[in-house]
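Written out below as structure tokens is the structure these notes cover.
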Amino acid sequence: MGKGSGYGKVILFGEHFVVHGVPGIVSATDAKTDAEVRKIPQGITIKDDRKGSKGYAEEKKLQQIESIERMLKIMGLPQTTAMSIWLGGDLPGFSGLGASAASSVAIARAIAEEFTLHFSDEQINQIAYEAEKAYAGNPSGIDNTAATFGGLLWFQKNMRGGSDIFEKILIKKPVEIIIASTGIVANTKAMVEGVAQRKKANPEKYNPLFKQAEELAFAGKKALLNFDLKKVGELMNENHRLLQEIEVSCKELDYLVDVARREGALGAKLTGGGGGGCMTALTPGMDLQEKVASTIEKEGFQVLRTKIGVQKL
Ligand code: MEV
């Protein structure tokens, strides 16, 4: 049997903009997806025991099959490769948390172990990027990079097709955040395509927003390095406004963002593809984290309590 894991992720700055070459900032979550792969005589079977994943896994079934076919191809294995795949771990199946990338990294690592293929982390990242195309159409690579390497990362897609640029951002100490799910399973591929179409159709509106997103990413990195959390929060709020302007937020996300800010979060924004999925809020200290998380839970939404900037990831 082969085993593997991949981290979940939360984008702090720059989702959607990163697809077009703007830098972004992402943190891996300590919650991760685990995979086990076993050779079997025929076919591919998938048993998905991921937490809260029922609706998510059903919606993403076809994309999941395509992602595995893509992986086999780039790994140099025949499409007829027969195996059973088990998925589990503590990463919830919320849209926006990088569940697809985490599962692709976990499965790629588990296949490599079961079929005695020796891949470096860079190669696993490439394989997961290929698999992500099934879920996101034209992904930036930010999700699979966080899922493979972990940590808090500065990321910029290489628009000329070479290796992407990424580096760890080291902060003074880990900071509590919350991630709340709207419960709506979002279609990342459709969201990414929608932004690309609107950007093309309306450059006068979109180009300045992309410029602002770039400035925000640099300001966000500076604020994180200075450990100026108040500033980080303000910039996250500003990032949410940009995401509203490019039409990827929705009323449920805006509502959760408002609740988090009202409860004292330093900043809150949607995270990931939007159109449902998740929001994240900066809630330093366990008391503030608990206050914001429990208020949102009382309203019937699921919440993940985690931290950004954990070094061991
Ligand atoms: C999805 O987690 C983030 C997006 O920017 C897509 C991508 O970067 O591949 C929406």
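Below are the figures for this structure:
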item	result
Hey, Ser100 of a type in the set (S, T, N, Q) and within 11 Å of the ligand (Cβ to nearest atom) or not	yes
Pair list, Cβ < 8 Å and 6+ apart or interchain, from segment 7-24 residues that are open to solvent by 10 Å² or more (accessible area, probe 1.4 Å) to residues that are basic (Lys, Arg) and more than 11 Å from the ligand (Cβ to nearest atom)	Tyr7/Lys32; His20/Lys199
Among (1) at pLDDT 95 or above; (2) of a type in the set (Val, Ile, Thr); (3) outside the structural domain of Phe218 (by TED's automatic domain parsing) - the single one Ile179 does not satisfy	(3)
Residues located in segment 259-313, provided they are aromatic (Phe, Trp, Tyr) and within 18 Å of Gly14 (Cβ to Cβ)	none
Selected residue (criterion: most open to solvent (accessible area, probe 1.4 Å)) from residues of segment 126-183 that are within 12 Å of the ligand (Cβ to nearest atom) and part of a loop (DSSP other than H, G, I, E, B)	Asn138
Scope segment 178-204; condition in contact (Cβ under 8 Å) with a residue 24 or more places away in the chain and over 30 Å from Lys291 (Cβ atoms); matching residues	Asn187, Thr188, Lys189, Ala190, Met191, Val192, Glu193, Gly194, Val195, Ala196, Arg198, Lys199
Answer from Val18, Val10, Val26 - the residue that is assigned by TED's automatic domain parsing to the domain that holds Gly98, within 13 Å of the ligand (Cβ to nearest atom) and part of a helix (DSSP H, G or I)	Val18
Residue that is nearest to the ligand (Cβ to nearest atom), among those in segment 29-50 that are open to solvent by 40 Å² or more (accessible area, probe 1.4 Å) and closer than 28 Å to Ile169 by Cβ	Lys32
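Condition check ((1) within 16 Å of the ligand (Cβ to nearest atom); (2) on the phi > 0 side of the Ramachandran plot; (3) over 21 Å from the mean Cα position of the chain (by Cα); (4) touching a residue at least 12 places away in the same chain (Cβ under 8 Å)) across all residues:
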site: Leu225; (1), (2), (3), (4): no, no, yes, yes
site: Asp228; (1), (2), (3), (4): no, no, yes, no
site: Lys231; (1), (2), (3), (4): no, no, yes, yes
site: Leu256; (1), (2), (3), (4): no, no, no, yes
site: Lys269; (1), (2), (3), (4): yes, no, no, yes
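The values are calculated or read from the model by the stated rules, or taken from the named source; none is laboratory data. These figures come from a predicted structure and were not determined experimentally. Positions of Cβ are backbone-derived with ideal geometry, glycine not excepted, and every protein chain shown enters the neighbour counts. Just so you know, the surface numbers come from the protein's heavy atoms only, side chains and all, with ligands and any DNA or RNA stripped out. Shrake-Rupley method; radii C 1.70, N 1.55, O 1.52, S 1.80 Å.
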